[in-house]
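A quick write-up on the structure given underneath.
The values are calculated or read from the model by the stated rules, or taken from the named source; none is laboratory data. All figures in this text were calculated on a predicted structure; none of them were measured in a lab. Every residue, glycine as well, gets a Cβ built from its backbone with ideal geometry; the counts of neighbours run over all protein chains shown. Please note that ligands, DNA and RNA were not included when accessible areas were found on the heavy atoms of the full protein model with its side chains. Shrake-Rupley method; radii C 1.70, N 1.55, O 1.52, S 1.80 Å.
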Amino acid sequence: MAPALSALLWDVDGTLAETEFEGHRVAFNRSFEAAGLPWRWDRATYAGLLAVGGGHERITAFLEQVEGRTPERDRVEALQRRKQAFYAELVRQGGLALRPGVARLVGEAAAAGLRQAIVTTSGRSAVQALLEGAPPALGRAFAFWVCGDDVARKKPDPEAYRLALRQLDMTGGAKQGGVLVLEDSPAGLAAASGAGLPCLVCLSAATREEPASRFSAARAVIESLEAPGGRLSVHRGPPCPEGQVTLSWLERLLDTP
């Protein structure tokens, strides 16, 4: 018998909101411009850089590639601080809305008494900026955040999800059986799987073109949490005739091998 659904762990970028291409990428480019640097990441370049988790790490990897040496830590930190400020401004301007169905599902889970938390490679300031622009009930629904600042190894390493389980006090196999992760990327799926957690992948603009084989460990792969016209596209997993992801449908995923 499958365990009852007891907690949802939410990724942020690409899962709660489509933040990567028109949020983080734009903020990185503005940071480069403000520093007098010639580089601008187009969508294709940034899509490749998404394999590197974390802003500091992404800047470092890129500078190593284009300059042929490891950049000074202070330089990277200055670029990242400026990038975070530009990102917060983009959020305040209202350009990064929640993905369809997110607010509804978070609200339904909260009303049902499920515990919910955020697990992300993004920094705490980026999460705060996004939630400050969201309905207040959304932010209140999350018991805690595990951010990139809190771990030594970011996704695809499972450290962040293991830390979340400890904070939920669900580190035993039986206890964590009712926890479900919502992610959008292969790195996030790998992190959840490495922590022994089942994962629903909701494809984003940044991951929609990934080969299906990269999501083979997911309990289900969908296009969105809800669909206009009530026809939800399910690439992998049980049919969703309601046209939107519901708690009862998520419960079915716990019973899917």
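Listed values, structure above:
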read-out: Index of the failed condition, residue 11 passing every other in (1) open to solvent by less than 30 Å² (accessible area, probe 1.4 Å); (2) touching a strand residue (DSSP E or B) at 6+ places or on another chain (Cβ under 8 Å); (3) farther than 30 Å from residue 166 by Cβ; value: (3)
read-out: Any hit, region 120-136, residues being modelled with pLDDT under 95, more than 21 Å from residue 58 (Cβ to Cβ), of a type in the set (Gly, Ala, Ser) and over 14 Å from the mean Cα position of the chain (by Cα); value: yes
read-out: Given (1) modelled with pLDDT of 95 or more; (2) open to solvent by less than 50 Å² (accessible area, probe 1.4 Å); (3) within 16 Å of residue 253 (Cβ to Cβ); (4) not in a loop (DSSP other than H, G, I, E, B), number of the condition residue 176 does not satisfy; value: (1)
read-out: Odd one out for residue 207 among (1) touching a strand residue (DSSP E or B) at 6+ places or on another chain (Cβ under 9 Å); (2) within 21 Å of residue 107 (Cα to Cα); value: (2)
read-out: Qualifying residue in region 79-92 (condition: out of contact with any Phe, Trp or Tyr (no Cβ under 6 Å at 6 or more places or on another chain), under 23 Å from residue 132 (Cβ atoms) and outside any helix (DSSP H, G or I)); value: no
read-out: Criterion (in contact with a His (Cβ under 9 Å, 6 or more places away or on another chain), buried (at least 18 other Cβ atoms within 10 Å of the Cβ) and either part of a helix (DSSP H, G or I) or touching a residue at least 60 places away in the same chain (Cβ under 8 Å) (or both)) met by exactly one of 109, 117, 126; value: 126
read-out: Single residue of 214, 219 found to be surrounded by fewer than 19 Cβ atoms within 10 Å (Cβ to Cβ), at pLDDT 95 or above and of a type in the set (Lys, Arg); value: 214
read-out: Residue list for region 145-162, filter: open to solvent by 30 Å² or more (accessible area, probe 1.4 Å) and among the aromatic types (Phe, Trp, Tyr); value: 145
read-out: Selection within region 210-255 - out of contact with any Pro (no Cβ under 7 Å at 6 or more places or on another chain), more than 19 Å from residue 16 (Cβ to Cβ), touching a residue at least 40 places away in the same chain (Cβ under 8 Å) and assigned to a loop (DSSP other than H, G, I, E, B); value: 255
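Yes/no per residue for (1) assigned to a helix (DSSP H, G or I); (2) polar (S, T, N, Q):
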| position | (1), (2) |
| --- | --- |
| 122 | no, yes |
| 130 | yes, no |
| 134 | no, no |
| 139 | yes, no |
| 152 | no, no |
| 155 | no, no |
| 161 | yes, no |
| 165 | yes, no |
